[in-house]
Structures are given as structure tokens and as C-alpha cells.
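Trainee: Could you have a look at this structure, given as C-alpha cells, before my questions?
The values are calculated or read from the model by the stated rules, or taken from the named source; none is laboratory data. Only a predicted model underlies this, so the values are computations on that prediction, with no experimental measurement involved. All Cβ positions, even for glycine, are placed from backbone atoms using ideal geometry, and neighbour counts span all protein chains on display. All accessible areas refer to the heavy atoms of the entire protein, side chains included, with ligands and DNA or RNA removed. Shrake-Rupley method; radii C 1.70, N 1.55, O 1.52, S 1.80 Å.
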Amino acid sequence: MKTDILIIGGGPAGIVAAVTARKSHPTKKVTLIRKEEKAVIPCGIPYIFCRLNSVEQNLMSDQPLLDNGVDLVIGEAEEIKPKEKQVILKNRGFFDYDKLILALGSAPQLIPIPGIEKEGVWLVKKDYEYLKKIKGAVLESKNIVIIGGGFIGVEFAEELSSIKNLDIAIVEKLEHCLITNFDEEFAIVAEEKLKNKGIKIFVNKAVKEIGGKEKVEYVVLDNGEKLLADLIILSIGARPNIDLAQKAGIKTEEKGGIIVDEYLKTNLPDIFAIGDCVQTKDYITGKNISIMLASVAATEARIAANNLYQIELIRENKGTIGVFSTFIDGLALGRAGLTEKRANEIGIDYLIGEAEAPNRHPASLPNMGKIKVKLIFAKSSENLLLGGEVMGPESIGEMLNILSLAIQQKTSLFDFNTWQIATHPLLTSAPTVYPIIAAAQNAMIKIKK
Ligand SMILES: Cc1cc2nc3c(=O)[nH]c(=O)nc-3n(C[C@H](O)[C@H](O)[C@H](O)COP(=O)(O)OP(=O)(O)OC[C@H]3O[C@@H](n4cnc5c(N)ncnc54)[C@H](O)[C@@H]3O)c2cc1C
């Protein structure tokens, strides 16, 4: 079989690449191959237990592919022949391609804890049938231990805490849950929220053994403490799926993803790679970082698909800003760019600006919530925005996206002083205390001092 643009992978990266390719190159035939008959929405997985009634409600619709005339093939690509420009499918023949986009995604990371093979240990897989089974198993459990307090572990814990008579514990080897995502003061508030939901948190601790006969019964921590567990969720990160690419001679980082240039091209002609399978580079430092997000995958997909045949108006990938948000028991938290902790690690000279304000005005309005903003600016002549953290009510989700654009557009501390904003009593903070502007002013005072 022959196609013009072949995409391997039907996650967020593959879907966005396919739809963008059809829109940007309407005369080209676009084919997407993915392994699974039914694809799930990865970011919705934590919510299959309570907020969504069933795993079916978290299925990714194929409609955008069908509406845009993308040919969808369910199958597994088992070999790429770059010289022949051909992809071999397991039991399904082959495809000749003109341009190939690899959107192979990632799989959950494993750690060699004794007992990890026992029944009752679950991974966070993007797999419909597996998720149906884990949901059934969770609903029959009494004590769940979540290994890993990153955003996926925390989102699982928070969702599961709504199930009655279920004891939930998170074991995190670092000093706080979410500490790789946020500065300490934000991580502490998030942990308090989790504790208020009855979740037990064990930080600075690692699981050294999973015990039980055939089925898991308990875990032993490295301080000797024993926690009852009839179900374990392992959420310690993900590793890029790179085997297929490596076998074809595509270069990868030693312990990372596929190496691509700023247009997402690999080292082989006419082969691009996007999404979780790709090695990301930090927007600020240009160094390798491990950030795997659906939003990053979608951005890379748009850049690659637009630039397949020639460099188009869509600009190059200048690195990953790392903007994401999460939601714990009514509190939204998010980050764009650098945290203060990370700035210290990489040795950047910085200025901090902080502010807090009600999300409505006057603050006596019903359902008022406080928004806390922390901004980090370079301590250089231009004082560019390097990062921001925000927590508060749901609406802060979009504030993070504004901060991300501000970082991308090289906004300086002083630009915020002349920033024109809309405010409304029921929708935003008051113009007099708008927290992003107030945080920038707070940083400006420090320069003047
Ligand atoms: C529980 C959870 C919650 C998350 N929440 C968020 C969130 O809130 N926000 C956010 O931005 N990100 C979130 N993420 C991260 C996000 O899901 C990933 O970054 C995103 O799925 C990456 O998309 P992708 O298309 O690159 O890869 P994947 O989603 O992993 O998709 C890879 C695709 O490639 C296919 N494939 C691989 N190899 C082959 C082959 N040989 N042949 C055929 N098909 C193949 C797979 O079957 C799959 O369809 C979350 C992840 C998880 C697990």
C-alpha cells in the first residue's frame, strides 16, 4: 500500500499531526496507524474511577480523523525500512511513504522492587482493556498504596479518595509530593489538600519490598515501616518508546528519547518524530529535560506537520517551556517555565515577585477564592520572565497559559506594568490588585532597592 504521509501512533501527537497534515497539505493522502482498537484520552485516566462513570466515557473520538479524511489503520508497525521508505506492519502488509512521522509515545517506567511481579501491582497504562480491569480491582480494594507522588500519582490519589471505605497512601522518595513540578510552598499546600481528603503521605521514603503470597498484602518502606496494601499503583514516570526507531538507525539519547532538530526531523531523511517518544530540550537552558505532556506533543505535532515538505510560516520548536496544571480537591495549581528551585540548580541569577488576590471583586462575593502568583524574572538588563507558578480556583488554568505565552514572547518585568487586561467582578481579580501585575510590581520594587 502507498500513502504520502504516514503517521505511526494514535495518541495526542499522532492525531494532531494527522489533522494538521491534511489541513496544510490537502492534496496529500494521510494514513495513521495505531495499535489499539479503542484509544483512551491519557489525561482523563485518573478520572475513570469517579468523575467519569466508565472507561468508555474516556475514549478518544476518531471523529476528527474521519472528518479530515485521514485513513485510520489499526495495526502494529514492526519495522521501518528507511532506504525503501517503507513501514512493515505485523500481519498486515506494508506501507510505502513519502514522509513518515513517528508518534510512538511512552510507557510506564518500572523499578526493580522485590515483589513487583505480584498480583495486585498495577501500572498507569494508556490501554482501554487494562484500565477496565484496574477500575474493577480498585473498587474491590480496601488499602491502596500509590508509589510516586508526581502529578499522576497525586491525581489518582485525589480521585480515589472519593470512594468510601478506601485507605489511600502515597509513598514519595523526595521531600514532598509534586516537588519536581513546584517550589516547596506550593507543594506543601497541595499536600495539605491531599491530607484533608484522608490520604496518608509518606515522603522521603521509598518502597523496598512488596510483600504477600501471590497477591500483594503489604509494602515495606526503607525505614522498616509496613503499610497494608491489597492494590498498588506504580506511577514513577514514563519512558519513551524508541525501540522501533533505534532498530531503523534513528538516533536517540542514551537514556532519553529520539533526537530531533527544531523542525522535529530525525537524523534520517523524511522521518520526523514528535510527542513523548522525542527528547525534549528546555526552552530556557537548551539542555535536555524530561517533560512528557499532551500539550507539548500537540505543539510538536503542529510544527512537524506544517514543515514536512518545506519550512512554512509555523516557526521552529525553540524548546519546551513546560507548562502544566493539576487540580486537587478544589485547588488548581500550575507552573510555566522555571521554578525557583530549578533556577538555583542551573545557577541563573533571578528576581522573585509574589502576590495574592481574591479571584472576584469585591472579595465579599460568594464563591470567592484566593489566587497566589509567584513569578521569576532574570536578573539581567532585560529582566525577562523565566517562570511562573499559580494556585487558586479553577480559572487559574488559563492564567498559566498566559504566562507561558509571555515567556515565549520574551516579556519583561516592565511589560507587565503596561499590560492591558479585562476585569469583571464575577470573573477576575480587581484591576487594582490583579495578581500577575502585582507580582511583577513586587519584583520591580526589589530592582529599585
Ligand atoms: C494518567 C495520565 C495523566 C496525564 N495527564 C496529563 C495532563 O493533564 N496534561 C498533559 O498535557 N499531559 C498529561 N499526560 C501526559 C500525556 O498523556 C502524554 O504526554 C501524551 O499522551 C503523549 O502523547 P503521544 O501521542 O506522544 O503518545 P501516547 O499517548 O503514548 O500515544 C502513542 C501512540 O503510539 C502507538 N504506537 C506505539 N508504537 C506503535 C507501533 N509500533 N505501531 C503502531 N502504533 C504504535 C500507541 O498505540 C499510541 O496510540 C498524562 C499522562 C497520563 C498517563
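Trainee: At a threshold of 8 angstrom on Cα-Cα distance, excluding pairs fewer than six apart, so keeping six or more, what relative contact order does the range 1-140 reach in percent?
Mentor: Details: 212 pairs, mean separation 42.4, N = 140.
30 percent.
Trainee: Write out the trypsin sites (Lys or Arg not before Pro) in the range 145-233 meeting two conditions: DSSP loop, and at most 10 other Cβ atoms within 10 Å of their Cβ. All intermediate terms of the calculation are to be shown ahead of the outcome.
Mentor: Values: sites: LYS164, LYS173, LYS193, LYS195, LYS197, LYS200, LYS205, LYS208, LYS213, LYS215, LYS226; in loops: LYS164, LYS173, LYS197, LYS205, LYS213.
In loop regions of the range 145-233 (DSSP not H, G, I, E or B), the sparsely surrounded trypsin sites (Lys or Arg not before Pro) are LYS164, LYS213.
Trainee: Here's a follow-up. Please list, by residue number, every one of the trypsin sites (Lys or Arg not before Pro) in the range 1-107 that is coil in DSSP and has at most 12 other beta-carbon atoms within 10 Å.
Mentor: Values: sites: LYS2, ARG22, LYS23, LYS28, LYS29, ARG34, LYS35, LYS38, ARG51, LYS83, LYS85, LYS90, ARG92, LYS99; in loops: LYS28, LYS29, LYS35, LYS38, ARG51, LYS83, LYS85, LYS90, ARG92.
For trypsin sites (Lys or Arg not before Pro) across the range 1-107 that sit outside H, G, I, E and B with at most 12 neighbouring Cβ atoms in 10 Å, the list reads ARG51, LYS83, LYS90.
Trainee: Here's something else I'd like to know. Looking at the range 199-256, which GluC sites (Glu not before Pro) are DSSP coil and have at most 10 other C-beta atoms within 10 Å of their C-beta?
Mentor: Working: sites: GLU209, GLU214, GLU217, GLU225, GLU253, GLU254; in loops: GLU214, GLU217, GLU225, GLU253, GLU254.
Filter output for the range 199-256: GLU214, GLU254.
Trainee: Between THR27 and LYS215, 0.36 nm times their residue separation minus their Cα-Cα distance comes to what?
Mentor: Extending this stretch completely gives an extra 62.1 nm.
Trainee: If you plug each phi of the range 97-110 into the Karplus form 6.51 cos²θ - 1.76 cosθ + 1.60 with θ = phi - 60°, what whole-Hz ³J(HN,Hα) values come out, in order, with x for Gly and Pro?
Mentor: 10, 9, 10, 10, 10, 8, 10, 7, x, 9, 10, x, 7, 10
Trainee: Still on this structure, I have one more. Treating the beta-carbon of each Lys and Arg as +1 and of each Asp and Glu as -1, no other charges, what is the dipole magnitude of the chain about its Cα centre, to the nearest 20 debye? Before the final figure, lay out each step's value.
Mentor: On the way: 55 positive and 57 negative charges, 71 e Å.
The calculation lands at about 340 debye.
Trainee: Under the classification rounded if a/c is under 1.5, otherwise prolate if a/b is larger than b/c and oblate if not, where does the range 306-405 fall, given a ≥ b ≥ c as square roots of the Cα gyration tensor eigenvalues?
Mentor: Oblate, because a/c is 1.5 or more while a/b does not exceed b/c.
Trainee: Also, quick follow-up: Let a ≥ b ≥ c be the square roots of the eigenvalues of the Cα gyration tensor of the chain; is it rounded (a/c under 1.5), or, if not, prolate (a/b larger than b/c) or oblate? Before the final figure, lay out the partial values.
Mentor: Values: a/c = 1.75, a/b = 1.13, b/c = 1.55.
It comes out oblate by the Cα gyration axes.
Trainee: If R0 is 41 Å, what FRET efficiency do you get for LYS341 and LYS38 from their C-beta distance, rounded to 0.05? The partial results should precede the final answer.
Mentor: Working: r = 40 Å, r/R0 = 0.97.
With a Förster radius of 41 Å, E is 0.55.
Trainee: Round to the nearest 10 and report in Å² the accessible area of VAL203, as given by a 1.4 Å probe over the protein chains' heavy atoms.
Mentor: 30
Trainee: Here is a further query. Can you classify the range 1-109 as rounded, prolate or oblate using the Cα gyration tensor, where a ≥ b ≥ c are the square roots of its eigenvalues, rounded means a/c under 1.5, and otherwise it's prolate if a/b beats b/c and oblate if not?
Mentor: Details: a/c = 2.42, a/b = 1.64, b/c = 1.47.
Prolate, because a/c is 1.5 or more and a/b exceeds b/c.
Trainee: How big is the range 241-386 in terms of Cα radius of gyration and Dmax, in angstroms?
Mentor: Calculated on Cα positions, Rg and Dmax stand at 19.2, 63 Å.
Trainee: Please get the size of the charge dipole for the range 358-446, origin at its Cα centre, with Cβ charges of +1 on Lys and Arg and -1 on Asp and Glu, quoted in debye to the nearest 20.
Mentor: Magnitude of the dipole: close to 240 debye.
Trainee: Hey, got the dipole for the range 198-253? About the Cα centre, +1 on K and R Cβ, -1 on D and E Cβ, debye to the nearest 20? If you can, show how the numbers build up before the last one.
Mentor: Values: 9 positive and 8 negative charges, 26 e Å.
Here the size comes out at about 120 debye.
Trainee: Using a 1.4 Å probe on the protein heavy atoms, what percent of the accessible area of the chain belongs to carbon and sulfur?
Mentor: Numbers: 10680 of 20990 Å².
Looking at the chain in its full context, I get 51 percent from C and S.
Trainee: Further question: Where the centre of each part is set by its Cα atoms, how far does the range 223-292 sit from the range 105-130, in angstrom?
Mentor: Between the Cα centre of the range 223-292 and that of the range 105-130, the gap is 17 Å.
Trainee: Compute the accessible area per residue over the range 40-148, keeping the other protein chains in place, probe 1.4 Å, unit Å². Could the numbers behind the result be given before it?
Mentor: Numbers: 5310 Å² over 109 residues.
The answer is 49 Å² per residue.
Trainee: Just want the answer: with Cβ charges of +1 for Lys and Arg and -1 for Asp and Glu, which residue in ILE328, VAL40, LEU110 is farthest toward the dipole's positive end in the chain?
Mentor: Among ILE328, VAL40, LEU110, the one farthest towards the positive end of the dipole of the chain is VAL40.
Trainee: Then there is this: If each of GLU354 and LYS449 carries a label point 7 Å out from its Cα toward its Cβ, how far apart are those two points in nm?
Mentor: 1.2
Trainee: Sort 422-434, 348-360, 269-281 by packing, meaning the average of other beta carbons within 10 Å per residue, with the highest value first. Show your work: numbers first, answer last.
Mentor: Numbers: 422-434: 14.4, 348-360: 18.8, 269-281: 25.2.
Highest to lowest by the protection proxy: 269-281, 348-360, 422-434.
Trainee: Suppose the chain between GLN310 and ASN68 were pulled fully straight at 0.36 nm per residue; how much longer would it get relative to their current alpha carbon spacing?
Mentor: Values: separation 242, 0.36 × 242 = 87.12 nm, distance 2.17 nm.
Extending this stretch completely gives an extra 85.0 nm.
Trainee: For a quick check of understanding: with a 1.4 angstrom probe and all protein chains in place, what accessible area in square angstrom does TYR97 have, to the nearest ten?
Mentor: About 10 Å², rounded to the nearest 10.
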